[in-house]
Structure formats: C-alpha cells, structure tokens
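Visitor: Got a structure for you, questions after.
The values are calculated or read from the model by the stated rules, or taken from the named source; none is laboratory data. No experiment lies behind these values; they were computed from the predicted model shown. Cβ placement follows ideal geometry from the backbone for every residue including glycine, while neighbour counts extend to all protein chains displayed. Quick note on the areas: whole protein, heavy atoms, side chains included, nothing else; ligands and nucleic acids left out. Shrake-Rupley method; radii C 1.70, N 1.55, O 1.52, S 1.80 Å.
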Amino acid sequence: MKKKIFIILFCIGTILSIHRCSNNRIGEKSDIQVLQGDVTLTIKDGTLTKTGVTVIVNNHSDKKIMYGDNFELEIKKHGEWHKIDSYTTRWFNPYAVILDVGESREIEHGWTYSYRKLRRGRYRIIKDMEYIYES
C-alpha cells in the first residue's frame, strides 16, 4: 500500500530576490499544507539563481520514499500561497527515484521553461512524494 504525501519544505523566497519582469499569471489559492519532519528539502548553498535551484532531499523517515522530477512553483501574496500558472502542459514522466531510509540526494530544478521569468517575491517549490510501504 502506498500513501501519497505532498512535500513543500522550503520557501525559495526567503533567500530569493528576483528582479525580473514577468508575465506569470497567479492562479488560485493553494490548498497544499506543509508537512514537517520526516522528509526535508533544503537549498544547496550557492545554487539558487534566476533560472533554477539545486535542492537536497533528505529522508529522515522510517520508510523509503519515491519521487519524480516534476515540480510546481507557488508565490506568496498577501500572506497566502497561490499557484502560478505554467506555460507548459504537465507531462507524465515515468522516471522515479527511490530514496532509502536515511538517504539524501540532490535534485536540480530549472523553471524558465515552465514558468519563464519570475517576479521578485517569495516562492516555494512543491514536490509530490510517496512513502513506500513494504510488506
């Protein structure tokens, strides 16, 4: 049995200050809730740029986790998180990474293709991950 979890564990905007013009369309209010603890994402020092970031995913749980390379960005407006409309259609990518208990891995994400230029603001990255329950 697999239990689906959403991991949103860092706000790019606490570090990111992007001074670029944008045509990004802010979408509906996000209903994603931050989960704390078992799995964390952190920004790798020196990798945050105007075009992407490298994050480190750490599995502190007692289960394996699985994730792909897809992600979404959200922006904080008036104290609430909002989705940013992507310029590309989401695709299915069969690529999946299994992260063992206690393991860490770096993930590079570039956002200019899907989100083009970002405005100055506070952003967070959303990654869909699943615990793997083994019997």
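Visitor: Quick one: net charge of T40's neighbours, Cβ under 14 Å, K/R +1, D/E -1? Don't jump to the answer; show the numbers that get you there.
Guide: Numbers: positive: K44, R105, R124, K127; negative: D38, E103, E106.
Result for the local shell: +1.
Visitor: Taking 22 Å as the cut-off for C-alpha to C-alpha distance, list the pairs among K29/K63; K44/K77; K44/K83; K83/K127 that go past it.
Guide: K29/K63; K44/K77; K44/K83
Visitor: Pop out the carbon and sulfur fraction of the accessible area of region 23-81 as a percent, whole number, probe 1.4 Å.
Guide: 45 percent
Visitor: I132 label point, 7 Å along Cα→Cβ, cut-off 12 Å on backbone N: hits in region 51-72?
Guide: Counting only backbone N, you get 63-68.
Visitor: Would you mind checking which residues have amide H under 5 Å from I84's amide H? H placed 1.01 Å from N; only 5 or more apart, or other chain.
Guide: For I84, whose amide H was placed from the backbone, the distant partners under 5 Å are G27, L73, I75.
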